[in-house]
Amino acid sequence: MNPLLDQPFSTPFQTPPFSKFSTADFKPAIEKAIEEAKEEIKAIVDNTASPSFENTIEALTLSGEKLDRITSIFFNLNSAETNKEIQKTAQEVSPLLSEFSNDIVLNENLFSRIKSVYDHKESFNLNEEQQELLRKTFRRFTRNGANLSEEDKTTLREIDKKLSKLSLQFGENVLAETNDYQLHITNQADLAGLPDYAMDMAQQEAEKRGLEGWVFTLHMPSYLAFQKFADQRELREKLYKASGAKAFQDNERNNENIIKEIVSLRYQRAQLLGYKTHADFVLEERMAKSPQKVLDFLNDLLEQSIEFAKKDIQSLAEYAEKTDGIKELMPWDHAYYAEKVKKEQFDLSDEELKPYFELNAVLQGAFSIAQRLYDISFVPNQQIETYHPDVKVFEVKDSSNETIGIFYTDFFPREGKRAGAWMTNYRNGSKMNGVHKIPQISIVCNFTQPTKDKPSLLTFNELTTLFHEFGHALHGLLANTQYEALAGTQVSWDFVELPSQFMENYCYEPEALALFAKHYETGEVIPQALIDKIIAAAQFLEGYQMSRQISFGKLDMAWHAVEISDIEDVDAYEVKAFEGTQVYPKVEGTNMSTAFSHIFQGGYSSGYYSYKWAEVLDADAFDYFKQNGIFDKATADKFKTLLSSGGTVDPMVLYKNFRGREPQQDALLKRVGIKS
Ligand SMILES: [Zn+2]
């Protein structure tokens, strides 16, 4: 038998049996599991008993469990330990999987049973979690048009088709414009100020193009290096203007009309589904709930921070005038002088900090923080199989020594692992009918590797990354929900980064650092002076950063939270949306919207505010701890309830139960140095 289909796995805690299967097993296993899941759904639809919560909503959420197990293993491996064969299989199975999930949402007989349960929900005596599962299931269908007439359904499909084409076109235009431009330098004097690595990069780029000299491009590493270091102001200006003109020039790659079409189609789509605007549609399923709430949030934050943004720029301008006689500071001066001031005032090298952050000590520190907060311990278990010798496995135990979760760590880069850091799962937890299926959670990173004579020493950035992913992991590991579909990190977008960013706060607290930030050779705890320097560096130009993020959030809402009449001029519309947020003069010929891929290509439309929203949440939550003690048990108990509830309760309700009120912005403003 295919070992992937032989479920539940007969391994410790039903963990994935990595040694038993090979890549060739995935495709047939996934095909078979899809068939079985289809049978399960057919059984729901064909049930002759009248629709009930159990025989419809619960049966639907429990269907396809085998498939979920297999696909989670498969896609986790495709990210952490991939190869040509896995990638080929991914190409083959992805269309099958999306077809399967589309078939579910488009299944009219299934929806009519769901609707019947939803319409009679009062008669089923459901607990809070079941009500939420019902609401989310019903919305998943209606938000895809299940409630529409045949004619409207057809219109919706047409809009969706057009939208996906336009988004692709938008992205292709931005990419083509990015690839098309080169700043070709042949005079070495024009490279003044650039560090060796940037010159090497530019020389290689030139060679690749068969050119003499050096080539800088609009791709981030090249662009940023030039903006930060190049002494030649006119060249910085040239490159800045080229970047700002992406997809805003008079050529076939101009995105202005595409933006107008996307915005208008999104508006039509929202109207068709019964929402006032696209933002109303998106935000219904977010903690923020309404466009007005988001706009108030952004405007309040702007009012609090704009003066500081101006002061930030003022001090940079003074520095630029003093050192180089610059009369008016322009956007192409920003990164350059910021880099210079930063070097002068907060010279903090990674090398100075790294000896204090030895990976194993840091991980043990994270574990002991979790122990003090939530009464859980992490015990290594070498019996549990892994997909690579670098992966370590821990049993997570509660205070009565019962195992409540399995935790995998995979820390070092390898060929076959994608870049970055992430938390993922092999199974979310569930507790049904007395059966506790414990969560199996993993974090995957790309940290500095140990060498023969040195252990793995983390940069400060790697340290906060580890705590961030560990925060997501705790969200998953502490899950205490009936249904797997509502467990752990399965919460709304503007809420999911609270647990992770919350944990990062411990990296700046002497009381927490004392637990693990010890010099790997001498054992000396990291000096307070270094911590103070880290904090000061983190606050540098935060007023400016804040106003910039707010301006993007406001631009996003301007495109999506209004009832579109006819937006005539994309650039004029953007200028109006940016009103009150800008600290640099407008540069003619540049435009943000035409290259704003987050909202026109990616999935961030009406969601850009979430970055700041999440920071407000984590700062406000941590501030509560600081008032009561960062290891205070009573406060931690309340936060544990928030974490373990996953998506079973509305996030604003969860937050208010923890904090006693809605989130406020003061703690963030203090943390970044805007308020004292
Ligand atoms: Zn995250």
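Listed values, structure above:
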{"quantity": "Residues of the range 59-80 satisfying the condition of being open to solvent by 50 Å² or more (accessible area, probe 1.4 Å) and touching a His at 6+ places or on another chain (Cβ under 9 Å)", "calculated": "none"}
{"quantity": "Scan of the range 492-509 for residues that are within 12 Å of the ligand (Cβ to nearest atom), at pLDDT 95 or above and in a loop (DSSP other than H, G, I, E, B), ordered by number", "calculated": "PHE495, VAL496, GLU497"}
{"quantity": "Some residue of the range 133-144 being touching a Lys or Arg at 6+ places or on another chain (Cβ under 9 Å), outside any helix (DSSP H, G or I) and open to solvent by 20 Å² or more (accessible area, probe 1.4 Å)", "calculated": "no"}
{"quantity": "All positions within the range 305-343 that are open to solvent by 60 Å² or more (accessible area, probe 1.4 Å) and either in contact with a helix residue (DSSP H, G or I) (Cβ under 9 Å, 6 or more places away or on another chain) or not in a helix (DSSP H, G or I) (or both)", "calculated": "GLU307, PHE308, LYS310, LYS311, SER315, THR323, ASP324, LYS327, GLU328, LYS340, LYS342"}
{"quantity": "Close pairs from the range 381-395: first touching a residue at least 12 places away in the same chain (Cβ under 8 Å) and more than 20 Å from LYS417 (Cβ to Cβ), partner open to solvent by 20 Å² or more (accessible area, probe 1.4 Å) and hydroxyl-bearing (Ser, Thr, Tyr), Cβ under 7 Å, at least 6 apart", "calculated": "GLU395/THR403"}
{"quantity": "Inter-residue pairs, beta-carbon under 7 Å, first without any contact (Cβ under 8 Å) to a residue 60 or more places away in the chain and on the phi > 0 side of the Ramachandran plot and in the range 54-73, second of a type outside the set (Val, Ile, Thr) and open to solvent by 20 Å² or more (accessible area, probe 1.4 Å), 6+ apart", "calculated": "GLY64/GLU40"}
{"quantity": "Filter result for ILE34 (under 12 Å from ARG113 (Cβ atoms) and at pLDDT 95 or above)", "calculated": "no"}
{"quantity": "Positions within the range 398-415 being touching a strand residue (DSSP E or B) at 6+ places or on another chain (Cβ under 7 Å) and surrounded by 17 or more Cβ atoms within 10 Å (Cβ to Cβ), in sequence order", "calculated": "ILE404, GLY405, ILE406, PHE407, TYR408, THR409, ASP410"}
{"quantity": "Any strands (runs of 3 or more DSSP E) falling wholly within the range 373-487 and containing at least 2 residues that are under 23 Å from LYS638 (Cβ atoms), charged (D, E, K, R) and away from the ligand (no atom under 16 Å from the Cβ)", "calculated": "none"}
{"quantity": "Residues (among the hydrophobic types (A, V, I, L, M, F, W, C) and surrounded by 15 or more Cβ atoms within 10 Å (Cβ to Cβ)) located in the range 10-24", "calculated": "PHE13, PHE18, PHE21"}
{"quantity": "Any chance SER112 is open to solvent by 30 Å² or more (accessible area, probe 1.4 Å) and either modelled with pLDDT of 95 or more or under 26 Å from ASP410 (Cβ atoms) (or both)", "calculated": "yes"}
{"quantity": "Residue within the range 257-268 that is open to solvent by less than 40 Å² (accessible area, probe 1.4 Å), in contact with a Gly (Cβ under 9 Å, 6 or more places away or on another chain) and either part of a helix (DSSP H, G or I) or of a type outside the set (Asp, Glu) (or both) present", "calculated": "no"}
{"quantity": "Residue within the range 229-248 that is open to solvent by 20 Å² or more (accessible area, probe 1.4 Å), of a type in the set (A, V, I, L, M, F, W, C), in contact with a His (Cβ under 9 Å, 6 or more places away or on another chain) and modelled with pLDDT of 95 or more present", "calculated": "no"}
{"quantity": "Test: residue in the range 42-49 that is touching a Ser or Thr at 6+ places or on another chain (Cβ under 9 Å), farther than 30 Å from GLU85 by Cα and not in a helix (DSSP H, G or I)", "calculated": "yes"}
{"quantity": "Boolean, ASN505 is closer than 21 Å to ILE406 by Cβ and open to solvent by 10 Å² or more (accessible area, probe 1.4 Å)", "calculated": "no"}
{"quantity": "Long-range neighbours under 7 Å by Cβ, at least six apart or interchain, first residue over 15 Å from LEU363 (Cα atoms) within the range 464-478, second more than 11 Å from the ligand (Cβ to nearest atom) and among the small types (Gly, Ala, Ser)", "calculated": "HIS475/GLY488; GLY476/GLY488; LEU477/GLY405; LEU478/SER644"}
{"quantity": "Scan of the range 25-58 for residues that are surrounded by fewer than 19 Cβ atoms within 10 Å (Cβ to Cβ) and farther than 25 Å from PHE74 by Cβ, ordered by number", "calculated": "ALA43, VAL45, ASP46, ASN47, THR48, ALA49, SER50, SER52, GLU54, ASN55"}
{"quantity": "Residue match in the range 369-392 (condition: surrounded by 20 or more Cβ atoms within 10 Å (Cβ to Cβ), in contact with a strand residue (DSSP E or B) (Cβ under 8 Å, 6 or more places away or on another chain) and farther than 30 Å from ASP620 by Cα)", "calculated": "yes"}
{"quantity": "Condition check for ILE535: of a type in the set (A, V, I, L, M) and open to solvent by 50 Å² or more (accessible area, probe 1.4 Å)", "calculated": "yes"}
{"quantity": "Residue that is open to solvent by less than 10 Å² (accessible area, probe 1.4 Å) and not β-branched (Val, Ile, Thr), where the choices are GLY589, GLY603, GLY543", "calculated": "GLY543"}
{"quantity": "Residue pairs meeting the criteria (Cβ under 8 Å; at least 6 apart or on separate chains; first in contact (Cβ under 8 Å) with a residue 24 or more places away in the chain and part of a loop (DSSP other than H, G, I, E, B), in the range 579-601; second open to solvent by 50 Å² or more (accessible area, probe 1.4 Å) and aromatic (Phe, Trp, Tyr))", "calculated": "VAL587/TYR240; THR590/TYR240"}
{"quantity": "Any hit, the range 516-532, residues being open to solvent by 10 Å² or more (accessible area, probe 1.4 Å), away from the ligand (no atom under 16 Å from the Cβ) and at positive phi", "calculated": "yes"}
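The values are calculated or read from the model by the stated rules, or taken from the named source; none is laboratory data. Keep in mind it's a predicted model, so treat the numbers as computed, not measured. Note that each Cβ is placed from the backbone with ideal geometry, even for glycine, and that neighbours are counted across all protein chains shown. The protein model used for the area step is the full one, side chains on, heavy atoms only, and it has no ligands, DNA or RNA in it. Shrake-Rupley method; radii C 1.70, N 1.55, O 1.52, S 1.80 Å.
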